[in-house]
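Peer 1: Handing you this structure, nothing more for now.
The values are calculated or read from the model by the stated rules, or taken from the named source; none is laboratory data. All values reported here derive from a predicted model rather than from experimental measurement. Note that each Cβ is placed from the backbone with ideal geometry, even for glycine, and that neighbours are counted across all protein chains shown. Accessible surface is based on the protein model in full, side chains and every heavy atom, while ligands, DNA and RNA are left aside. Shrake-Rupley method; radii C 1.70, N 1.55, O 1.52, S 1.80 Å.
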Amino acid sequence: LTKKWIMKKLILIFTVALIYVSGTAQYEQGDIDLSLGTGFGIYGASTNDVDEVDTNGVDAVAGLLSFRANYAVIDNLAIGLVFERNGFITPNDSTNTDSYGASLNYRFSTQFRFVNSEKNCIAIKGEVGYSSFKFGDRISNEFIKGSGMTYEFGLNFEHYFGEHVGLYLNFGYGGYKYKELVSHSGVVWRTNNDTDNVEFSIGGVNSRIGIQIKI
């Protein structure tokens, strides 16, 4: 067998495979898909207050509820919107404490679907948007709240059981940055030396699973 013959065969196989994949793409231009799922996030936290000690460990764990809607601009590229609630696990040390914590996140999303076959889709995703959070105690009615930006970069996998319904899995690194924290009495938190507003950031890994629907 000559190298020329082998090259011709490889080109032929690649061309047939490309025609097959492109002819059986799950997503085509104009398609809309929706997803609803749950998951969890594991985060580290940091602040600009130099008097705060950074333990470099896991500072927060959250349960996630997520809804997404995407529109295929072209076969392999989609844009969309994401709404997600992060419900944080909070300690309750006694009968005098009933703490809670949650954030609401609204992000604009882009997906590049580098695998777009009949049953499976794998995409790189990037998201950026707005986040608000609130931590408090139901017994004392005290709380702290803030708002800022959020972002996430990650990988998304979808498998369709039929033409319209499937399952998705995704994971990514997410960040949440809040430039100002305000107490229940309207007081803006300041650093211990009172030179700046306290800024609060958390970041870590988000993992999700849910139902995927193409309409």
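Peer 1: Filter segment 103-136 down to residues that are over 15 Å from the mean Cα position of the chain (by Cα) and open to solvent by less than 20 Å² (accessible area, probe 1.4 Å) and give me whichever is nearest to Tyr27 (Cα to Cα).
Peer 2: Asn116
Peer 1: Taking the conditions exactly as written (within 19 Å of Ile215 (Cα to Cα), at pLDDT 90 or above, open to solvent by 50 Å² or more (accessible area, probe 1.4 Å) and not acidic (Asp, Glu)), does Gln29 satisfy them or not?
Peer 2: Yes.
Table: residues versus (1) at pLDDT 95 or above; (2) over 19 Å from the mean Cα position of the chain (by Cα); (3) part of a loop (DSSP other than H, G, I, E, B); (4) surrounded by fewer than 17 Cβ atoms within 10 Å (Cβ to Cβ).
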position: Thr38; (1), (2), (3), (4): yes, no, no, yes
position: Ala45; (1), (2), (3), (4): no, no, no, no
position: Glu52; (1), (2), (3), (4): no, yes, yes, yes
position: Thr55; (1), (2), (3), (4): no, yes, yes, yes
position: Val61; (1), (2), (3), (4): no, no, no, yes
position: Leu64; (1), (2), (3), (4): yes, no, no, no
position: Tyr71; (1), (2), (3), (4): yes, no, no, yes
position: Ala78; (1), (2), (3), (4): yes, no, no, no
position: Asn92; (1), (2), (3), (4): no, yes, yes, yes
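Condition check ((1) under 14 Å from the mean Cα position of the chain (by Cα); (2) in a loop (DSSP other than H, G, I, E, B); (3) at negative phi; (4) without any contact (Cβ under 8 Å) to a residue 12 or more places away in the chain) across all residues:
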position	(1), (2), (3), (4)
Lys145	no, no, yes, no
Met149	yes, no, yes, no
Phe153	yes, no, yes, no
His159	no, no, yes, no
Tyr178	no, no, yes, no
Leu181	no, no, yes, no
Asn193	no, yes, yes, no
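Peer 1: Which of the residues that make up segment 172-215 are surrounded by 16 or more Cβ atoms within 10 Å (Cβ to Cβ) and among the aromatic types (Phe, Trp, Tyr)?
Peer 2: Matches in segment 172-215: Tyr176, Tyr178, Trp189, Phe200.
Peer 1: Here's something else I'd like to know. I'd like to check something: does segment 124-137 contain any residue that is within 25 Å of Gly162 (Cβ to Cβ) and in contact with a Cys (Cβ under 8 Å, 6 or more places away or on another chain)?
Peer 2: Checked segment 124-137: no residue is within 25 Å of Gly162 (Cβ to Cβ) and in contact with a Cys (Cβ under 8 Å, 6 or more places away or on another chain).
Peer 1: Still on this structure: Does any residue of segment 176-198 turn out to be modelled with pLDDT of 90 or more and over 28 Å from Asn48 (Cα atoms)?
Peer 2: no
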